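The values are calculated or read from the model by the stated rules, or taken from the named source; none is laboratory data. Every value quoted in this text rests on a predicted model; they were computed, and no experiment measured them. So basically every Cβ, Gly included, is an ideal-geometry build from the backbone, and we count neighbours across all protein chains shown.
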Amino acid sequence: MTATAGGIIPLFIDFSYLLAATFFIFGLKLLSSPATARRGNILGAVGMLIAVVATLFDQQILGFGGILIGILIGSAIGVLLAVKVKMTAMPQLVGILNGFGGGASLLVAAAEYVRDPNPAADVAVTIMLSVLIGAVTFSGSMVAAGKLQEVITGRAVTYPLQKTGNALVFAVILLLGIYLIAAPQNPQLFTVFTVLSLLLGVLLVIPIGGADMPVVISLMNSYSGLAGAATGFVLHNNGLIITGALVGASGIILTQIMCKAMNRSLTNVMFGAFGSQVTAGAGRSATGLTVQEVTAEDAAILLGYARSVIVVPGYGMAVAQAQHNVRELTSLLEARGVEVKYAIHPVAGRMPGHMNVLLAEANVPYDKLYEMERINGEFERTDVALVIGANDVVNPAARNDPSSPIYGMPILDVDLAKNVIVLKRSMNPGFAGIENELFYRPNTRMLFGDARETLTKLVAELKKV
Amino acid sequence: MAEGLMVSITVFVLAMFVGFEVITKVPQILHTPLMSGSNAISGITVVGALVIAGRLSSPFDTILGVVAVALATINIVGGFLVTDRMLQMFRKKEDGTR
């Protein structure tokens, strides 16, 4: 912990933290390929074990009762969450775990303040920072998880003077923080500071719609790392600082990728309140065009006699938990000699990489999963593009309608395929509330219904073809 | 003291660069495991929590420490386990099972 205490044990502990950080870096490096990723994760876990065991030798520790209780409770809940969670609920779980990381940082900083309520200015800075980031991560992640689980409405919640109110709360937090750094010995104000920080996390995430959750989850991931680093500053622990910075960097990169894939700035995602209103479509667009429906039987024939099919999954597949049915359908197609590929948009689903995990669960080999840049050129040569519960990420308006809110967003060019079959629950527009002209194209056929039921029907029909 | 803070900031900035370097190489298909895995290692905060939970400075301090240990442990155990669960599903060749 504190190398300044002298002696061989603190030195040994500090060294073990460096060792742990090295393990983490190598572990993350191995995540660069699916073939080595599992080893990388295990390496990370070993690094963590080293750090935890070494810490138990810290001479400040006088009793192990509390430690044991905390570890037992934490492990039990951790195992339960990890084993029970459905793959479709992964975004919520990652959200909750992010939050707990932030919560731990908050508590550690608060405890340091409780032990010494009159720290020097430089320590006070790190404590206030750690409390602020930890609290925002905790409450923000909980709200995000609540939205994903639909305990809280997934829509963007807006009200008058929202931005002004948020700015005001933030200003008060800043002023309180500065005051507390100058004159820390004020537990009441410290409590107010903590509560307001928690409130800020809620206020920041509440106005963000469900479709923008990939950005929020990534951002909270980054915050949970930064919160850890801030704790490292409080405790003068370089191991914590290095690890926190790694995770912080990871979250920032993912946030950037998500924003780029939606062609929006982080500011726009955070404060734009995208998806606050629903515009109900009723089987026709504003221009009076109608869609062409197709029966499962005809769709099965179209698919069965195609040479190449590209499957485009979206959040609708996750909601219907239809990944196994998708797999069943594509296995049948492949058995008939149809070439099947999957096209994955970076923001399909509710978190980065969501679709890949679901399809991996359904036993789809990962070399059939194609990123947007790698597959977009192939739609032109493809007989059927099968869109399953994706909407905004396949909307051609992003390419050719400058007046559309999503204009400029990189999309999967499914409309260029010879035939497009869209599996969709109803004609309600996607989360962004934008009409999708893909549905009215002459080469598009709509197959309405729950994705899982529709796929089951398709499989049955295909067996007859 | 201020010197110590400067060293910490230096370490932080350099580690960020290492992070950017390593993580830009993670492919899109592994982004979910990347998040849950990096999340698990951010549970390293537990080392601070352990000392607080065991230093017996005051009952309130200990309670904060124990709760912090529990939260960080959920983060670590849940994070590594669920990441492993996901990663073992990623395979290149199809099984005979289906």
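Against the list (1) assigned to a loop (DSSP other than H, G, I, E, B); (2) under 19 Å from residue A:215 (Cα atoms); (3) not hydroxyl-bearing (Ser, Thr, Tyr), the condition residue A:337 fails is (2). When the range A:376-399 is filtered for residues that are in contact with a Leu (Cβ under 7 Å, 6 or more places away or on another chain), part of a helix (DSSP H, G or I) and in contact (Cβ under 8 Å) with a residue 60 or more places away in the chain, the ones remaining, listed by number, are A:379, A:393, A:394. Here residue B:17 does not fit the description of being of a type in the set (Phe, Trp, Tyr) and at the interface with chain A (Cβ under 7 Å from one of its Cβ atoms). Residues in the range A:84-117 that are within 7 Å of chain B (Cβ to nearest Cβ), of a type in the set (A, V, I, L, M) and under 30 Å from residue A:353 (Cα atoms): 6 in all. For residue A:27, the conditions (1) surrounded by fewer than 20 Cβ atoms within 10 Å (Cβ to Cβ); (2) within 21 Å of residue B:30 (Cβ to Cβ) all hold with the exception of (1). Scanning the range A:118-134 for residues that are away from chain B (no Cβ under 13 Å) and in a helix (DSSP H, G or I) yields A:128, A:132. Name the single residue that is surrounded by the most Cβ atoms within 10 Å (Cβ to Cβ) among those in the range A:225-257 being within 27 Å of residue A:393 (Cβ to Cβ) and facing chain B (nearest Cβ under 9 Å). If we take residues in the range A:225-257 being within 27 Å of residue A:393 (Cβ to Cβ) and facing chain B (nearest Cβ under 9 Å), then A:250 is surrounded by the most Cβ atoms within 10 Å (Cβ to Cβ). Here residue B:92 meets the list (1) surrounded by 24 or more Cβ atoms within 10 Å (Cβ to Cβ); (2) in contact with an Asp or Glu (Cβ under 8 Å, 6 or more places away or on another chain) almost entirely, failing just condition (1). Quick one: residue A:412 ticks every box in (1) out of contact with any strand residue (DSSP E or B) (no Cβ under 6 Å at 6 or more places or on another chain); (2) within 28 Å of residue A:435 (Cβ to Cβ); (3) in a loop (DSSP other than H, G, I, E, B) except a single one, so which number is it? (1) is the only condition that residue A:412 fails. Just one of (1) facing another protein chain (nearest Cβ under 7 Å); (2) without any contact (Cβ under 8 Å) to a residue 40 or more places away in the chain fails for residue B:59. It is (1). Using the structure shown, decide if residue A:131 is farther than 30 Å from residue A:361 by Cα and surrounded by 24 or more Cβ atoms within 10 Å (Cβ to Cβ). Here the answer is yes, as residue A:131 does meet what is asked. From the list A:436, A:428, the lone residue that is closer than 18 Å to residue A:211 by Cβ, surrounded by 17 or more Cβ atoms within 10 Å (Cβ to Cβ) and modelled with pLDDT under 90 is A:436.
The single condition from (1) touching a helix residue (DSSP H, G or I) at 6+ places or on another chain (Cβ under 9 Å); (2) without any contact (Cβ under 8 Å) to a residue 40 or more places away in the chain that residue A:402 fails is (1).
Looking at this structure, is residue A:76 within 26 Å of residue B:63 (Cα to Cα), facing chain B (nearest Cβ under 7 Å) and either modelled with pLDDT of 95 or more or not in a loop (DSSP other than H, G, I, E, B) (or both)? No, not satisfied. Looking at this structure, is residue B:29 under 18 Å from residue A:356 (Cβ atoms), touching a strand residue (DSSP E or B) at 6+ places or on another chain (Cβ under 6 Å) and either at the interface with chain A (Cβ under 7 Å from one of its Cβ atoms) or of a type in the set (Lys, Arg) (or both)? Answer is yes for this residue. In the range A:9-34, which residues are facing chain B (nearest Cβ under 7 Å), more than 18 Å from residue A:228 (Cβ to Cβ) and either touching a Leu at 6+ places or on another chain (Cβ under 8 Å) or part of a loop (DSSP other than H, G, I, E, B) (or both)? Within the range A:9-34, A:31, A:32, A:34 qualify. Residue A:356 passes every criterion in (1) facing chain B (nearest Cβ under 9 Å); (2) part of a strand (DSSP E or B) apart from (2). Just the residues that are within 17 Å of residue A:443 (Cβ to Cβ), modelled with pLDDT under 95 and over 28 Å from the mean Cα position of the chain (by Cα), please, taken from the range A:390-425. A:400, the sole residue that qualifies.
Taken as a whole, the condition of being surrounded by fewer than 24 Cβ atoms within 10 Å (Cβ to Cβ) and within 7 Å of chain B (Cβ to nearest Cβ) applies to residue A:62.
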